[in-house]
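Note sheet for the following structure.
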Amino acid sequence: MRLFLTFCAFFALVAVVFAWEKEDHEIFDLVSSIQASEGKDVNFYSWLEVSPSATTAEIAKAPFVQAYRKKSMQLHPDKNPHDKKIHERFARLGVVSTILRNKESRERYDFFYRNGVPVWRGTGYYYSRFRPGLGTAIVFLIIVTSGFQYAAQHVNSRRDLARIEDIVRQARQVAWGPRMVPVEGQRKVKVNLGGGPESEAPERWISMVVDANNVYFLHPDGDMELLDASTATQPAISSTWFIALVRSSYQSAFGRSNDLKEAEGVSPPQADDDELSGTASEAPGSGTVTPREGQTTSTSTGKRKKATKRR
């Protein structure tokens, strides 16, 4: 029954969205524009000073034509050179006159004249008039997808919380007995997470420790972890995909930059004194070199002489 009602609501929404046609949208625009420029209580008939009960044939006769000419002379751009919106008002007058003279378009307008213009005019109407750019569309998609992800986090959090409460209840029942009377001291118990004879899934037993009202999960290495409502994963905006992507990109970019700065700040290794003894003993450019022991040098006569260490 619930599924049937959901489908009915969906098709009703689709019918509302696609109910209005292009001609209806044009009338919506005209009604809004005339009310904005001429007054909230002004409609097509009052603006042209025509009775709503007049027939289409009567509107096409001389009285209406004279009233239209009079109004068009009042709104002519040549007589209102300082009015910046006079061209729009003058063009709007011609469109309204055409609608009232045509039987089909007038019947369409009369429907909204009697019943009022709808507040919600369909997604197509608003999209065509407020067509978003690429940036706006991307921001909208980010907000919508992040919102759905955040809602999914809430659902998963409630599911985790219910599962934790069930595990805690089972552990206490095993430790305290069917009557659930608390027992002092720690009691090590095993809880089945699912499966068994009535299920196709294999049994999954975990070790738990019940200490008074606290229930702990016992790790294989002997460490105990408190199991309560805080263990469930809490929903967070920072965990949505876009925020996580921005945070990860920021850490990758600036973290690498900091590593490079730290690497540049490390000074090169210094040479030992023994190594420096075999290099130039004077300032650069002096030309004087102190030889090491056993190193041969050239004399001015061209003979080679072996350097000896002085005592």
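The values are calculated or read from the model by the stated rules, or taken from the named source; none is laboratory data. From a predicted model like this one, the values you see are computed outputs, not experimental measurements. Here the Cβ is made from the backbone with ideal geometry for all residues, glycine too, and neighbour counts use every protein chain on show.
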Restricting the search to segment 39-52, which residues are outside any helix (DSSP H, G or I) and touching a residue at least 12 places away in the same chain (Cβ under 8 Å)?
Asn43, Glu49, Val50, Pro52
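Condition check ((1) touching a strand residue (DSSP E or B) at 6+ places or on another chain (Cβ under 9 Å); (2) closer than 30 Å to Val139 by Cβ; (3) in contact (Cβ under 8 Å) with a residue 40 or more places away in the chain; (4) not acidic (Asp, Glu)) across all residues:
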position	(1), (2), (3), (4)
Val191	yes, no, no, yes
Trp205	yes, no, no, yes
Met208	yes, no, yes, yes
Pro235	no, yes, yes, yes
Trp241	no, yes, yes, yes
Show the residue pairs meeting these rules: Cβ distance below 6 Å; 6+ apart or different chains; first residue within segment 133-148 and touching a residue at least 24 places away in the same chain (Cβ under 8 Å); second residue part of a helix (DSSP H, G or I) and surrounded by 11 or more Cβ atoms within 10 Å (Cβ to Cβ).
Ile142/Phe242; Ser146/Phe242
Please indicate, with yes or no, whether at least one residue in segment 67-86 is farther than 23 Å from Glu26 by Cβ and of a type in the set (Val, Ile, Thr).
no
Give me a count of the residues in segment 43-87 that are under 23 Å from Glu104 (Cα atoms) and in contact with a helix residue (DSSP H, G or I) (Cβ under 8 Å, 6 or more places away or on another chain).
17
What's the total number of residues in segment 163-179 that are of a type in the set (A, V, I, L, M) and more than 13 Å from Asp228 (Cβ to Cβ)?
2
I'm checking my understanding of the structure. Among residues of segment 89-99 that are in contact with a Ser or Thr (Cβ under 8 Å, 6 or more places away or on another chain) and buried (at least 16 other Cβ atoms within 10 Å of the Cβ), which one is nearest to Ala57 (Cα to Cα)?
Ile99
Here the qualifying pairs (Cβ atoms under 8 Å; residues six or more apart or on different chains; first in segment 53-82 and modelled with pLDDT under 85; second of a type in the set (Gly, Ala, Ser)) come out as Phe64/Ala54
In the list Ser207, Ser199, which residue meets the criterion of being at pLDDT 90 or above and in the same structural domain as Glu184 (by TED's automatic domain parsing)?
Ser207
